[in-house]
Amino acid sequence: MSPDVPLLNDYKQDFFLKRFPQTILGGPRLKLGYCAPPYIYINQIILFLMPWIWGGIGTLLYQLGILKDYYTAALSGGLMLFTAFVIQCTSLYARNKSVPVERILTTDILAEEDEHEFTSCAGAETVRFLIPAKKYTANTVFHSVLAGLVCGLGTWYLLPNRMTLLCGRAGGTALFIFGWVTLCIGEYSLIVNTATETATFQTQDTYEITPLMRPLYIFFFISVDLAHRFTVNIPALEQVNQILHILFIFLPFLWALGTLPPPDALSLWAMEQVLEFGLGGSSMSTHLRLLIMFIVSAATAVTSYFIPSTIGVVLFMTGLGFLLSLNLSDMGFAFKHSVTSHRTGTKSKSLSLRSDSKKQFTWKECLFYITMLVLALLETGLLHHFADFSQISKSSSQAIIGYILMILLIILWILREIQSVYIFGIFRNPFYPKDVQTVTVFLEKQTNLVKMGVVRRILLTLVSPFAMLAFLSLDSSLQGLHSVSVSIGFTRAFRMGLELQETSCHAAEAQRVDEVFEGAFQQEYTKICSLNEHFGNVLTPCTVLPVRLYSDARNVLSGIIDSHENLKEFKGDLVKVLVWMLIQYCSKRPRLQENVPKTENKGQEPLIILPALNTLPHPKTPEDTDSLSSETFDDWTDDNIFDESSIRKGKVEKDLLKDFPSMNLPLPGSVESQREGDHSTGTIRENSLFKTVLLCYPAADKGQQEDKAFVPLVEFTCSHSHLLSLPEEWTSVCMPNSKMKELCSLFPEDWYQFVLRQLKYIHSEEKAADTVEEIAKDKVLKDFYTHTVMTCYVSLFGIDNMIPSPGHILRVYSGVLPWSIALDWLTEKPELFQLALKAFRYTLKLMIDKASLGPIEDFKELTNFLEEYESDWYIGLVSDEKWKEAILQEKPYLFSLGYDTNMGVYTGRVLTLQDLLIQVGKLNAEAVRGQWANLSWELLYATNDDEERYSIQAHPLLLRNLTVQAADPPLGYPIYSSKPLHIHLY
């Protein structure tokens, strides 16, 4: 921080010297940054003195004995009302008047931004400059009426004999003169031009509340005088009236210095104070919550006066007080969501509830709240009913309970202080653990503090409310019953993130923050009660909390993803991962075996249609390979890895027909097929699990009919194979027979057998091991998996048997598949597409792990890798919505593949969930409020938005730079600001 940085730079100093006199006087702009005609200043002076002129006429008539004091007030107020309407109508006329706009050429390129051109004393541009029009017509009428009331009552308030009676002749004269100055300032800001106030609550005055600020304070002073006039002589009220008359002449300075808050801030503050101290509520996190809770609490208190029974009032106030102390909004939301989920029959997702509230309301919590409510009602009812029969007087009972409450509050305060590392912020707590370097050691040594915290929570949540009920139920002040169990079991907090880019100011204060926490938690203490070395700092360390966080590691994959050997192994590993993925999916896929219809002839096996792999081989023509390879990657190159390839479909369909003879086959899933001639044997029996399915193997035409094809019937060799059968739509035709025969050699049959035998549970089968062994021997089922796996393989790599490039890997990892004859087949099956993409991503992670940890020795180790990916990892893209869901679900590890365009390298990003000790401290509340108030004045009033302004210069003692940044936007600039977070305290 440079010590030579001024509070305001030269330009802003000139701006402030023009604005501040305007604020003091209530709006007249008597100092402009350019040469203006004299009538501009004369008009403003006349408008400023109009209330004094009309008030002076009424005062003169009163002093001459012509009018009574209240007639004087009425006359002055009427004249001011008429004047206010004239002023506002003139402003509206000037705003609506259409004048030709001429471009005024000027050679002064350094002219002030607010420079105006005036043509006449009463011209439209002059009126618009002097009297800006109101935004709303309602405000035009309301402000004019209010101006008349202020002038009339102000004249009555400042009558000379009244001033002399309160403060003597000399003092009365001074009060009369300067009092009218105050009154003129208030009137000018209301109906002529509103000054910019130093105390600003809202950045935009949408509803024109600022003009009401000064008249409302004038009304408050006048109301005290009226109360003194019309009430019996009360000495205290007379003294207050005298003091307020003296303060009345200092109101312009109080307004200019920002001592008095604006009306909107004052009303919200007063509402909160009444809610807390009058109605027994709690501070609310938002203005809307404050307004709703205030209305409900006030309505509850008013309703209690209309209940005839005393016991009814007690029970009513106790019950409503308890219910209003709960988090009703989140409870209602959770209940509504549970009802909706129950009706739709779906389970709620982790993101369906509010992400701010990590924990839903459970039935245990509801039971606890109901029990507390019943006990509270029972206690208040019994105490109120039997209080009159007690042998001990009411005052004695209440005094005893009062002392108990005092002792209880002291114990709660002590237990709260013991939880912090410093007592009173000065002395180190001897009960606090000294070694807080690791989570495990800290949790072991924190046992005593946890026990004390549990005792405090029990006393605060269970004992204190019932003790307060007992104290207030012998008492006639039923309002106090509403304060029972304020915000029981929950609180609200905000999360705010600061900038990550470390500037010089940020670094200086961040270093001091580190020093404060290191002195509290990492320094060795030999004395029992050591002193806080940073006691004067605005930051006071409190404790450390174990928090689950993600560490973010980014690695360069050069030498791994571009290795020829790794990419060659990648293709073989992908087939294995696809096999594992599909078997795992089918083994967990819900099936209703009891819904399978049983055949009438128990001796016959269920039949399905499946061409054998060795049926009538079809010769491979050169056109097969040429047509397929020429259409695959022509428009899908590796030149730019981020351009999604344009998929061009050629005339491959015509080439595919070369592999299939002319035939009319029954639709997959049809339940009967009629044969003619020698094969007319009747209807083929099928059930819902075994249907006519055409794979990639064409049937031979025996010459019986040109439009009919003979499809041999093939049956599962195992009656349990349907438990692992693939969905019917996944076995449709898309690949030529010749190409499929070539790809079948890549299918890892030994791996397929191993994965099947590793299944430990298949749908509720009792003898799972025996069942799996039988299924593993079923060749028909294996052919199903071979077809689906290799078709997915072609969809991910294309027809050509080439080593994939790193760009190809990244594109497919991102979900951009190359064009191939199997592309539409795969994309039309969203569930299979997601499984194939998931398998591809798992294979990439497997390739990286093999390069880092060494080769895989056997199938068992490969299975362990895949099971770990499935249970502990999310492998995908950072931009995916599931990435966010995985973080909220606290997945242990997350992986994403990326490309650094600046360095031209492929990168891997890994998030690892781990427990870390987070240091927690508290800032001095008054210091923060003071800095934020100064920030509001500097930005909204002085408009000093210089990036190197004084208020954001580093101050290690006040942490000014960090505190200013953490203010609510638009004053502060946090990079993240959360909604109110609901935090359970149980």
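A few remarks follow.
- Sequence-distant residues sharing a close amide H with I423 (under 5 Å, placed H): R428, N429
- The distance separating the Cα centre of the range 950-986 from that of the range 300-333 comes to 37 Å.
- When each of the peptides 876-883, 538-545, 146-153, 726-733 is scored by how many other beta carbons lie within 10 Å of its residues on average, the order from highest to lowest is 146-153, 538-545, 726-733, 876-883.
- Length released on extending from D562 to K779, taking residue separation times 0.36 nm less the Cα-Cα span: 74.3 nm
- Probe 1.4 Å, protein heavy atoms only - accessible area per residue of the range 878-986 in square angstrom: 52
- Cross-linked pairs K922/K979; K588/K777; K782/K882; K588/K860: Cα-Cα separations exceed 24 Å for K782/K882.
- Near E238: Cβ cut-off under 14 Å, other residues only, Lys/Arg at +1 and Asp/Glu at -1. The net charge is +1.
- Peptides ranked, highest mean first, by Cβ atoms within 10 Å: ranges 55-65, 864-874: 55-65, 864-874
- For the peptides 250-262, 401-413, the ranking by packing is 250-262, 401-413, with the highest mean count of neighbouring Cβ atoms within 10 Å listed first.
- With contacts taken as Cα pairs under 8 Å and at least 6 residues apart, the range 825-957 reaches a relative contact order of 12 percent.
- In sequence order, the range 24-33 has phi-based couplings of 5, 7, x, x, x, 9, 8, 10, 10, x Hz under the Karplus curve 6.51 cos²θ - 1.76 cosθ + 1.60, θ = phi - 60°, and Gly or Pro positions carry x.
- Global form of the range 183-297, assessed from the alpha-carbon gyration tensor, a/c cut-off 1.5: oblate
- Here the Karplus relation 6.51 cos²θ - 1.76 cosθ + 1.60, evaluated at θ = phi - 60°, turns the backbone of the range 320-328 into coupling constants of 5, x, 5, 5, 6, 8, 8, 7, 5 Hz, with x for every Gly and Pro.
The values are calculated or read from the model by the stated rules, or taken from the named source; none is laboratory data. Here the structure is a predicted model, which is why all the values come from computation and not from measurement. As a convention, Cβ positions derive from the backbone with ideal geometry for all residues, glycine included, and neighbour counts pool all protein chains shown. Accessible surface areas use protein heavy atoms only, side chains included; no ligands, DNA or RNA. Shrake-Rupley method; radii C 1.70, N 1.55, O 1.52, S 1.80 Å.
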